[in-house]
Amino acid sequence: MRTSPRALRTRLQGAVLAGAVALMAATALSSAQGAEAMMPPRTITVSGDAEVASKPDQARLSAGVVSQAETAAAALSANSTAMSRVFTALRAAGIPENRMQTSNFSVQPQYAPFRQENPEPQRIIGYQVSNNVTVVVDDLTKVGPTLDALVRSGANQLGGIQFTIADPKPLAERARTLAVVDGAAKARTLATAAGVMLGPLMSIQEVSISRPIPVFAMARAVAQESTPIAEGEERVGVNVTMTYAIQ
């Protein structure tokens, strides 16, 4: 049976329409998939913090001698003699040579007091020599006796004591572990509160680490028969940023 031209045109138009509909549907699906792919992944970002405390095992002392005389040479000679006694006392206290280091040395002129009614320039009336040494004490029970030895030897300038931890790396490792545990717990809490499923960990970054800072809340005396010293405790803190996917 022969198909009429009109029927042929109708069939052709139907095929073209069906193809156009199919193409539009495919284009819409592709656009939807592309838009979904362009959307940023759903994530939860948290900060984990931890701090680990420990007693210090090392102390740094700063001490020295200040000498004054009419001439620079006389002041230097007096200071050198006094500092020799200081170093001898440190060796007698059991401080190794490699734990003693000169940290400051200066020779400065001393001037007569300024008087407004006197137009003449200030004149030099003497010289001052300052010599300081930094001492590292690895046995904290020797801190008090070492201070006593310094004063008895003639040290007339004490710059202070700084307690430290010789190797803070083990404390930092413990703090990192605890910081990650803290961050994971926060992420689970947020996911539960938001009613979503927590996915895998996508990224983790150590933001900061704080070196030991003296804390004196738990201080105690190190030496009983000499100068009492409180070494307290020191802390190492770590902060991490963790990003989890939301399923």
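Some values worked out for this structure:
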item	result
Length-normalised contact order for region 58-164 - Cα pairs under 8 Å, 6+ apart - percent	51 percent
Modelled label reach - residue 107, point 7 Å along Cα→Cβ, region 55-85 residues with backbone N closer than 20 Å	64-85
Ranked 242, 100, criterion: other C-beta atoms within 10 Å, fewest first	100, 242
Theoretical gain in end-to-end length, residue 174 to residue 151 [0.36 nm per residue, Cα-Cα removed]	4.3 nm
Label point distance in nm, residue 188-residue 245, each placed 7 Å from Cα along Cα→Cβ	2.0 nm
Electrostatic dipole magnitude of region 58-164 [Cβ: Lys, Arg +1; Asp, Glu -1; Cα centre; debye, to 20]	160 debye
Zone residues, region 98-126, relative to residue 71, backbone N less than 14 Å from point 7 Å out along Cα-to-Cβ	126
Qualifying GluC sites (Glu not before Pro) in region 56-127, DSSP loop, other Cβ atoms within 10 Å at most 13	70, 117
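Readers should treat all values here as calculations from the given coordinates under stated rules, not as data from a laboratory. These numbers were taken from a predicted model, which means no experiment stands behind them. Using ideal geometry, Cβ is built from the backbone for each residue, glycine included, and neighbour counts are taken over all protein chains shown.
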